[in-house]
Amino acid sequence: MPWTPQNDILGHPKTRVFLYHGGNNGFQEACYHGVPLVVFPLHGDQYDVGARVEKRGLGRQLDKMHLTAESIYEALNDVINNPKYASTAKQVSAIMKDQPLSPRDRAAHWIEHVIKFGGDYLRSTGPELSLVQYYMIDVLALYFIVFLIIVITIFLILRCGFLLLLRLACGWTKQKKD
């Protein structure tokens, strides 16, 4: 298939484990649906997701440098047959789904609230800021000045060191005029 709806597959009641690279969206979707994980991180924040999966008991993490068919089979078999992973995943799912209002009811509440009380006090004050405050030009200027000071300091240190080495190598000394 050229494309598979991952969220729908994770939501299917027969899905028992999710083997994937460790992206954040897949992690959130698997947690929401209560599916245990087997993660093989490849780069970036995927290692963090893999560490969280193992630490919280949601599944297993595999090392991409030592990935074999046997290690994948062993990890999948462990996660599928060990009930602690499924129960932890179901508990995380229950926590994520425990909301006082459904999204539809929450949206209806806020629409009715704005109709009843108006929404002016909910607006951001961003448009009222001056140009300097909005784009934080003062902070950028400070960063630029600090950067300039560091670059100039490094340049002067390197220049002095180069001149000192040149004097030592060439035997240059300041001659006193009589």
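The values are calculated or read from the model by the stated rules, or taken from the named source; none is laboratory data. Remember, it's a predicted structure, so these values are computed and weren't measured experimentally. Here Cβ is always computed from backbone atoms with ideal geometry, including for glycine, and neighbour counts include all displayed protein chains. Remember, those area values only see protein heavy atoms, side chains included, never the ligands or the DNA or RNA. Shrake-Rupley method; radii C 1.70, N 1.55, O 1.52, S 1.80 Å.
Filter the stretch 132-141 for residues that are open to solvent by 100 Å² or more (accessible area, probe 1.4 Å) and over 30 Å from Trp110 (Cβ atoms) and give the result.
Filtering the stretch 132-141 for residues open to solvent by 100 Å² or more (accessible area, probe 1.4 Å) gives 133-136, 140.
Hits for the stretch 132-141 are Tyr135, Met136, Leu140.
Within the stretch 111-131, how many residues are open to solvent by less than 70 Å² (accessible area, probe 1.4 Å) and either in contact with a Leu (Cβ under 7 Å, 6 or more places away or on another chain) or in a helix (DSSP H, G or I) (or both)?
Filtering the stretch 111-131 down to residues open to solvent by less than 70 Å² (accessible area, probe 1.4 Å) leaves 113-114, 118-119, 126, 130.
Remaining after also requiring either in contact with a Leu (Cβ under 7 Å, 6 or more places away or on another chain) or in a helix (DSSP H, G or I) (or both): 113-114, 126.
The number of residues fulfilling the criteria is 3.
What number of residues in the stretch 53-67 are open to solvent by less than 70 Å² (accessible area, probe 1.4 Å) and either in contact (Cβ under 8 Å) with a residue 40 or more places away in the chain or part of a helix (DSSP H, G or I) (or both)? Reasoning before the result, please.
Quick first cut of the stretch 53-67, residues open to solvent by less than 70 Å² (accessible area, probe 1.4 Å) only: 53, 57-62, 67.
Next, from what is left, pick out any that are either in contact (Cβ under 8 Å) with a residue 40 or more places away in the chain or part of a helix (DSSP H, G or I) (or both): 53, 59.
So the answer is 2.
Read through the list (1) in contact with a Lys or Arg (Cβ under 7 Å, 6 or more places away or on another chain); (2) surrounded by fewer than 13 Cβ atoms within 10 Å (Cβ to Cβ), then give the number of the only condition that Glu70 fails.
The one condition Glu70 does not meet is (1).
Taking the stretch 20-47, which residues are open to solvent by 30 Å² or more (accessible area, probe 1.4 Å), more than 14 Å from Ala89 (Cα to Cα), touching a residue at least 12 places away in the same chain (Cβ under 8 Å) and outside any loop (DSSP other than H, G, I, E, B)? Give the steps one after another, and end with the answer.
The initial filter retains those residues of the stretch 20-47 that are open to solvent by 30 Å² or more (accessible area, probe 1.4 Å), namely 21, 24-25, 28-29, 32-33, 40, 42-45, 47.
Narrowing the set further to residues that are more than 14 Å from Ala89 (Cα to Cα) leaves 21, 24-25, 40, 42-45, 47.
Retained after the next criterion (residues that are touching a residue at least 12 places away in the same chain (Cβ under 8 Å)): 21, 24, 40, 42, 45, 47.
Those that are open to solvent by 30 Å² or more (accessible area, probe 1.4 Å), more than 14 Å from Ala89 (Cα to Cα), touching a residue at least 12 places away in the same chain (Cβ under 8 Å) and outside any loop (DSSP other than H, G, I, E, B): Asn24, Tyr47.
Could you list, in sequence order, the residues of the stretch 73-108 that are touching a helix residue (DSSP H, G or I) at 6+ places or on another chain (Cβ under 7 Å), farther than 11 Å from Arg16 by Cα and open to solvent by less than 60 Å² (accessible area, probe 1.4 Å)?
Within the stretch 73-108, Val92, Ser93 qualify.
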